[in-house]
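In what follows, a single structure is set out as structure tokens and then discussed.
Taken together, the values in this text are just the output of simple stated rules run on the coordinates, not laboratory data. What you are looking at is a predicted structure, and each value in this text was computed from that prediction instead of being measured. Cβ placement follows ideal geometry from the backbone for every residue including glycine, while neighbour counts extend to all protein chains displayed.
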Amino acid sequence: MSINKISTAAVQAGINTDPHHGAVVAPIYLSSTYSLKGFNDKREFDYSRTGNPTRATFAQAIAKLEQGSVGIVTSTGMAAVHLICQLLSTDDLVVIPHDCYGGSFRLFTHLAKRGQFKLIVVDQNDQQALVEALAQKPKLVLLESPSNPLLRLVDIEKITKACHNVGALVAVDNTFLSPALQQPLLLGADIVFHSTTKYINGHSDVVGGVLVTKEQALGEELAWWANCIGITGSAFDSFLALRGLKTLPVRIRQHQENAEQVAAFLKHHTAIDVVYYPGFTDHPGHELAKKQQSGFGAMLSFEVIGGVNAVKKLFDNLSLFTLAQSLGGVESLISHPSTMTHAGMEEAARLEAGITDSLVRISVGIEDIEDILADLAHGLKQSQIA
């Protein structure tokens, strides 16, 4: 029977595949090396940097959920981004969004300064600017939709077609939504990548990454580079992420249900200037989100009235929300992008991207919604006290 539903595929990944002992759950293979059958006669796996059974099971599971050909598991999300860079030469041009994740922005801008490739940073919602960038025939275009942390959307299918018309590869960061809510390869992208640290693992106890290619040949090329530069993920981290993956669709439903109520609460709160959440009908990307996503996700950000001092008071008076990096775990997290996730960007670049000192990002967890709202209500009330 062919399994096409994401919820079923996520649960069934690696189940009952152990040929030796019949273990229902895919085993953890911690061996660093594997014996040859004989002289110059390798088995499927020979050395764990190159290939590991547990990592392979996880990679295949993500590839299936993303509807791709090859999955490659890396040690971190940024390792997955760096792996994509191995496709580039010094004369190649890369186009990235001006408001992408701060770690990605830092990597691309610093590698460009070292001469690894040429770089254009552009507002991809500025049609004229994007057209001018594509006219220079880039080798790679990076997309991030929704963006981190302002939840801006770009039309993946439309931009991908324009990129392919000039011979560019398209790589999409799908970390904010996961394959449960968006499948960029089905929208035409060549590569989709994730920080599996986030929603895919979902429990804030793994650091990892994965990328999936649409075409087999591209995947094999990137897999060669992953082995060459030694950035493949560990067996134990792959096991944990595979375990987390099994509950992804269920968790996402609760995350989203809570986030919708949190967004509505914040939108009408007197301590908040503006809330960025694609689920609002007046969000500029709302209709696009309905078109290319199967949900609005559980990430949102907002501007606190009173600037950084009010932000500090908010943080100091929360007990359920944890002030920490990362996102996508079952617990609710809150962060200050300009001093945390995007601190690696120069101030001018941050402000150009719209990341102000009064901006707060939250990852809405799966706790009881009444407790979540009560915690935010208390913190915001304190932020308004002079």
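How charged is the neighbourhood of N317? Take every other residue with its Cβ under 11 Å from the Cβ of N317, and add Lys/Arg as +1 and Asp/Glu as -1.
Charge balance near N317 sits at +1.
Give the calculated FRET efficiency between L111 and T50 to the nearest 0.05, with a Förster radius of 30 Å applied to their Cβ-Cβ distance. Display every interim value, and only then the final one.
On the way: r = 25 Å, r/R0 = 0.84.
In this case the efficiency is close to 0.75.
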With -39,500 (n - 2.57) per DSSP H segment of 4 or more residues and division by the full residue count of the chain, the 222 nm estimate, nearest 500 deg cm²/dmol, is -11000 deg cm²/dmol
So which of K42/K161; K198/K312; K5/K118; K198/K267; K113/K161 end up more than 31 Å apart, counting from Cα to Cα? K42/K161; K5/K118
Expressed as an acute angle from 0 to 90° and rounded to the nearest 10, what is the orientation of the C-alpha long axis of helix 156-165 relative to the principal long axis of the chain? 60
Any idea how far the Cα center of the range 108-169 sits from the one of the range 1-71, in Å? 34
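Using the crude model of +1 on Lys and Arg Cβ and -1 on Asp and Glu Cβ, and no other charge, please compute the dipole size for the range 6-245 relative to its Cα centre, in debye to 20.
Numbers: 18 positive and 21 negative charges, 64 e Å.
So the magnitude is around 300 debye.
Tally Lys and Arg at +1 and Asp and Glu at -1 over the other residues with C-beta under 12 Å from the C-beta of A9: what net charge comes out?
Once all neighbours under 12 Å are counted, the net charge is +2.
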If neighbour count is taken as other Cβ atoms inside 10 Å, put D126, D91 in order from fewest to most. D91, D126
I need the Debye-formula profile for the range 6-245: one equal scatterer per C-alpha, no solvent, reported as log10 I(q)/I(0) at q = 0.10, 0.15, 0.17 1/Å, two decimals. -0.47, -0.99, -1.23
Those aspartates and glutamates that a straight Cα-Cα span of less than 15 Å connects to K214, excepting residues fewer than 8 apart in one chain: E66, E157, D173, D190
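Only counting other Cβ atoms within 10 Å, I'd like C85, C163 sorted with the fewest neighbours first. It would help to have the intermediate numbers written out before the result.
Details: C85 17, C163 23.
Least to most surrounded, the residues fall as C85, C163.
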Report the one residue of G233, A171, V250 whose Cα lies farthest in the direction of the positive end of the charge dipole of the range 148-262 (charges on C-beta: Lys and Arg +1, Asp and Glu -1; origin at the Cα centre). V250
Could I have the simple spin-label model distance between Q128 and D273, label points 7 Å from Cα toward Cβ, reported in nm to one decimal? 2.7
Environment charge at A374 (Cβ cut-off 14 Å; Lys +1, Arg +1, Asp -1, Glu -1): -4
How far apart, in nanometres, would the label points at M340 and E220 be if each is projected 7 angstrom from Cα along the Cα-to-Cβ direction? 4.4
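I'd like the GluC sites (Glu not before Pro) in the range 314-368 restricted to DSSP loop residues with at most 13 other Cβ atoms within 10 Å, sorted by number. Don't skip to the answer; put the middle values down first.
On the way: sites: E331, E346, E347, E352, E367; in loops: E331, E346, E367.
Qualifying residues, ordered by number: E346.
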Testing the spin-label approximation: label points 7 Å from Cα along Cα→Cβ at A23 and T356. State their distance in nm. 5.3
Could you give the spread of the C-alpha atoms of the range 249-383 along their three principal axes, from largest to smallest, in whole angstroms? 35, 32, 26
Which part of the range 300-341 falls in the paramagnetic zone of Q261, meaning amide N under 16 Å from the point 7 Å along Cα-to-beta-carbon? 320-321, 331-332
How tilted is helix 102-113 with respect to the longest principal axis of the chain? Cα atoms for both, answer in degrees (0 to 90, nearest 10). 70
If amide H atoms are built 1.01 Å from N in the plane of the peptide, which residues on other chains or at least 5 residues away come under 5 Å of the amide H of L143? A171, V172, D173
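Dividing the alpha-carbon Rg of the range 76-181 by 2.2 N^0.38 Å yields what?
Numbers: Rg = 12.9 Å, N = 106, 2.2 N^0.38 = 12.9 Å.
Scaled against compact globular proteins, the figure is 0.99.
For Y276, Y101, Y29, which order do you get if you count the other beta carbons within 10 Å of each Cβ and list the fewest first? Walk me through the numbers on the way to the answer.
Values: Y276 23, Y101 26, Y29 19.
The most exposed by this proxy come first: Y29, Y276, Y101.
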Taking Cα atoms, the helix 248-267 axis meets the longest principal axis of the chain at an angle in degrees (rounded to 10) of 20
